[in-house]
1. Name the one entry in B:183, B:192 that is within 28 Å of residue B:269 (Cα to Cα) and not in a helix (DSSP H, G or I).
2. Considering each of B:332, B:367 in turn, give the residue that is in contact with an Asp or Glu (Cβ under 9 Å, 6 or more places away or on another chain) and more than 28 Å from residue B:484 (Cα to Cα).
3. Taking the conditions exactly as written (surrounded by 23 or more Cβ atoms within 10 Å (Cβ to Cβ) and within 29 Å of residue A:211 (Cβ to Cβ)), does residue A:458 satisfy them or not?
4. Exactly one condition in (1) more than 27 Å from the chain's Cα centre (by Cα); (2) more than 13 Å from chain A (Cβ to nearest Cβ); (3) buried (at least 19 other Cβ atoms within 10 Å of the Cβ) is false for residue B:376; which is it?
5. Just give me the residues in the range A:300-351 being in a helix (DSSP H, G or I) and of a type in the set (Ser, Thr, Tyr), in sequence order.
6. Please give the helices (runs of 4 or more DSSP H) falling wholly within the range A:169-250 in which 3 or more residues are within 14 Å of chain B (Cβ to nearest Cβ), in contact with a helix residue (DSSP H, G or I) (Cβ under 7 Å, 6 or more places away or on another chain) and over 23 Å from residue B:405 (Cβ atoms).
7. From the list A:300, A:315, which one is buried (at least 24 other Cβ atoms within 10 Å of the Cβ) and out of contact with any Ser or Thr (no Cβ under 8 Å at 6 or more places or on another chain)?
8. Listed residues B:195, B:250, B:285; which is of a type in the set (A, V, I, L, M, F, W, C) and within 14 Å of chain A (Cβ to nearest Cβ)?
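The values are calculated or read from the model by the stated rules, or taken from the named source; none is laboratory data. What you see is a predicted model, and the numbers here were worked out from it, not measured in a lab. For neighbour counting, all protein chains shown are included, and Cβ atoms are generated from backbone atoms with ideal geometry for every residue, glycine included.
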Amino acid sequence: MADFGYTVWILIVPFVTFIVLGLFGMKLKARISGLTGTLGLAIVTVLSYATAFRYFLGAGLADGIYQKIIAFNSTWLTLTDRLHIDMGVLLDPISVMMLVVISTVSFMVHIYSLGYMKGEKGFERYYSFLSLFTFSMMGLVVATNIFQMYIFWELVGISSYLLIGFYYSRPSAVAASKKAFIVTRFADMGFLIGILILSFTTKTFDFVTLTDLNGPAITSTGGAVFLGMSVMTWSMILIFVGGAGKSAMFPLHIWLPDAMEGPTPVSALIHAATMVVAGVYLVARMFPVYYFAAPEALQIIAWVGAFSSLFAAVIATTQTDIKRVLAYSTISQIGYMIFSLGVSGYGGPEGLGFMASNWHLFNHAMFKALLFLGAGSVIHAVHSNYMTEMGGLRKHLPITNITFLIACLTIAGLFPLSGFFSKDEILTAAFHHDKVLFAIEYLVAGLTAFYMFRLYFSIFHGHDRQYDHTPHESPATMTVPLIILAIGSVFSGLLPFNRLVTSDGAPFESHIEWSVAGPSLIIALTGIAIAWVMYRKENTLPDRLASTFKHSYKWAYNKFYIDELYLFITKKIIFRRISQPVAWFDRHIVDGTMNGIAWVTQTVSNRIKGLQSGQLQQYGFVFVTGAVALVLFFIYLIK
Amino acid sequence: MNILSCLVIIPLLTITGILLVKDARQARVVSAIGMGIQLITAFIIVFMYLSERKAGNTDQMLLMSSYEWFRSLNIYYTVGVDGISVAMIALTSIVVSAGVFASWEMEDLKKEFFISLMLLATGVFGFFISLDLFTMFLFYELAVIPMYILIGIWGSGPKEYAAMKLTLMLMGGSALLMIGLFGIYFNSAPDGGELTFNIIEISKITIPIQAQRWFFPLTFVGFGVLGALFPLHTWSPDGHSSAPTAVSMLHAGVLMKLGGYGCFRVAMFLMPEAANEMAWIFIILTTISVVYGAFGAIVQKDLKYINAYSSVSHCGLVLFAILMMNRTAMTGAVIQMVSHGLMTALFFALIGMIYGRTHTRIISEMGGLMKVIPFLGVAYVIAGLASLGLPGLSGFVAEMNIFFGSFEHPDTFHRVATIIAITSIVITAVYILRVIAILLLGPVRDPHYSEFNDARWYEKLSILALLTGIVYIGMIPSGLSGIIRDSIMPIVEKLM
């Protein structure tokens, strides 16, 4: 088999740029540090693409099936006699696909940021964090074992924390970064406990062994039964909790909209294209285990994904901050991918959902990064995040306008753009699995088209607003990435995913099922048409509708009050009802007891210290009385 | 002369040197040189230990030597090291050197301060190399006494109260410990023969189980007081918050480790049967420690209190892991001791440096410090991340060993305890990020802050020494973990 040993440089290069920029960045000129980071990423991109070409064009194939190749592996830490944490590079269709996704988007974001972040204080810090993120994300996808994945999982979490809080003198950014880290950390606790259970059931961390159809995870009977489900199922559910946290699935989604406090290119990279799909990737990575050993868990995954996609789509229709609309749209689209894995089977055409999910992940990375970068270009031009303060920008920002429109059409799923293909496959997979879930996803498709075009029309159509200065198109460093990503979004639908990325590595035939795709196209067009009527020209229709459905509108606008619920739990329960009583108990009861003992000792000694008065008369008196008492005692009582 | 004895002699020589020089400014230079030599000696010992192991020496203790001290009671000055003591020696020498530099410009600088500090160091080093229970106890007491002077004189806040409380509680522990040690001594020859204090000798016989049932809890609790065992931890918040910077560093960084070290080197190694019987009681107590300390830290307002409660939680994890009595968990316990020693020393050093600038330790009275003192700010963030167990920093390695080791027990009791202990990683994240958000981030709170100087050279030296350790263990854990895994085996085998 071909040698892929060089792929380890995909990890080393960004790590080195992180260290260099982190330690010496302050001493470099801002421009130099930006270019250093970008150059590092260029190397990573070249290596990733080379790997992808070699892998998919033959080097990964054996007997017509794409193999799992361990390109590099070395033991990092020995835990128990059986379990050891390795660090390595595992190449298989999904990890190679992720290499392409991450390097493409990250490279685009690096270039884009040269323009977008120009003149910002902490430019070198920004690029050093971007390198850290790229390193961590690459390490996550090429992990050879679940524990390596967990390690890099935590590292992407911290990169995300650092980048959300990039503008750290802004209190809202600080709060958002803290929230993001703690919510995902909570989910990661589930992940860790899941790994503990899984690894002690199967005696391995290794992905190849875990997903082996004759391996210990799949052939095991599932272990003891606990609360009606096998231990194996519990562990897989807990692992999914970790994935749900990172991928912002309901009810762990609350950190993602707030995370938009970070710089916009960061939102594009981390909170749209790469890190937030880690949960999808995790389920895809463990898919055989889910399918064969924990089907109940897979069922839960399908429902969580479907519900999240609907829930977030409804909220997205009411938000006015353009980045928040995109954030809810991201939750909704990731819901699609998670759902698609949940309804998938294994092997051949059965694994349609698996293939569609990964395909959608790929397409989504392109068009959602494009949308965010486009939004960044808009924000850069008008210095506002609110669509109520925008309008008529198509004249001022022609390139942004066209690329944004392409992205909107793609996410709405219009033929022949890439979103159409992957969404159609997802719906087809759902159709064969569960009709209720299928109906929900149809509805979501319509909502998606509606809110995306509500966004598009509000920004680019309508009449001009009062701008501080005339908005102008962004510099080439920003528009070129937009154009490249737009090309990607248009054509990535032509990639033969059914031959490349499948559940068992073997290619299968799939074709567009027009009985599903036709109605979905109609629904999408309806959504666009409604948006056209409501938002193309300014009119009172949206307000009238909002007041007609006052209550439901208010609930959706306030994100169904989930944030308030969280505040209640953290502030009221954790802080007031647990931590403060613990602190009180410690000071007053535990410490009070210690002080009490000291007090008793002191008081007793104060009382009896009078006995040592030093007065001879007193001593004589005590001596004589004592002697008499003793004599009487011996005479009368003892005889 | 044996090289291990140098570790005791160098601080004593440093004290002589301090007595000879004129003033405190020269005294600090003498201390720095002394501790620099100590640091080098410590690393020579590490090197000698490793090369001897590589040469195939599989004895439990290496570099041993023994001098008769008190013939009639069979008390010897016996020293020797295994991987665990080597790790603790390296930790101590780093923390002590960092402590000297952290007190470089302290207010009320006195020669006597450095003398007490060196005396403390003598005690700690002596404790870690001793293999004779009696000399070990002697060094232990030697380490505790200077603490009273250091806090009582150079402390802040209600320092007399804090010093008294800390000393009395630790002395209370010592009283229990002394009974425990004598109990071991008088049962060290159950078949007749000569009584001994030598740990290695005692480990070869079995102390009668009735005696173990008495003396195991006494010894364990006696050491446990110093290791912040719930509910005997309350000296820690008051003591730490009143102590001067270097003393907090040494106390939380090294002295609390004496407790954990003693627990497994003496209590569990010598009385394994009772340890197995009674572990469940202490597992419950330490599980409470872990979660309770973390919750306690969430609402504190004073930086030092936060760190003191955090230490209760982290040191609780050390004792928790020791009680799991398998190789992985106990390796984790030792790594956690080293890791917590480094990062809590770093925390206290940074708190001292921040206090030296803002003259307050109440977090709500500060804000936006990252902008004005970035070096200290970044160091604080890294210490915080190590504390919440970020991969790549030392805390993670320790915690993973502990959790996997304790989960290795297949029964529900241990597994539930593990899961409860795991929740601490989230709670830790909450209080660490809360402090970072309030203290370092946000807008600059006070315009006077712009006059602050970032870290001075001696502060940088102190910080970097500790940071290097944290990052090294986090990135390349196999070195430390390998040494400890091998050395923990004899203890684990006795416990099986």
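1. Details: B:183 fails: not in a helix (DSSP H, G or I).
Just a single option satisfies the conditions, and that option is B:192.
2. On the way: B:332 fails: more than 28 Å from residue B:484 (Cα to Cα).
Exactly one of B:332, B:367 is in contact with an Asp or Glu (Cβ under 9 Å, 6 or more places away or on another chain) and more than 28 Å from residue B:484 (Cα to Cα), namely B:367.
3. Numbers: surrounded by 23 or more Cβ atoms within 10 Å (Cβ to Cβ): yes; within 29 Å of residue A:211 (Cβ to Cβ): no.
When the stated conditions are applied, residue A:458 does not pass them.
4. Going through (1) more than 27 Å from the chain's Cα centre (by Cα); (2) more than 13 Å from chain A (Cβ to nearest Cβ); (3) buried (at least 19 other Cβ atoms within 10 Å of the Cβ) one by one, residue B:376 breaks only (1).
5. Filtering the range A:300-351 down to residues in a helix (DSSP H, G or I) leaves A:300-316, A:322-342, A:348-351.
If the condition is that a residue be in a helix (DSSP H, G or I) and of a type in the set (Ser, Thr, Tyr), then A:308, A:309, A:328, A:329, A:330, A:332, A:336, A:340 are the ones that fit.
6. Numbers: elements: A:171-202, A:207-211, A:216-219, A:231-246.
It comes to A:171-202.
7. On the way: A:300 fails: buried (at least 24 other Cβ atoms within 10 Å of the Cβ).
That would be A:315, the only listed residue that is buried (at least 24 other Cβ atoms within 10 Å of the Cβ) and out of contact with any Ser or Thr (no Cβ under 8 Å at 6 or more places or on another chain).
8. Values: B:195 fails: within 14 Å of chain A (Cβ to nearest Cβ); B:250 fails: within 14 Å of chain A (Cβ to nearest Cβ).
Every option except B:285 fails the conditions.
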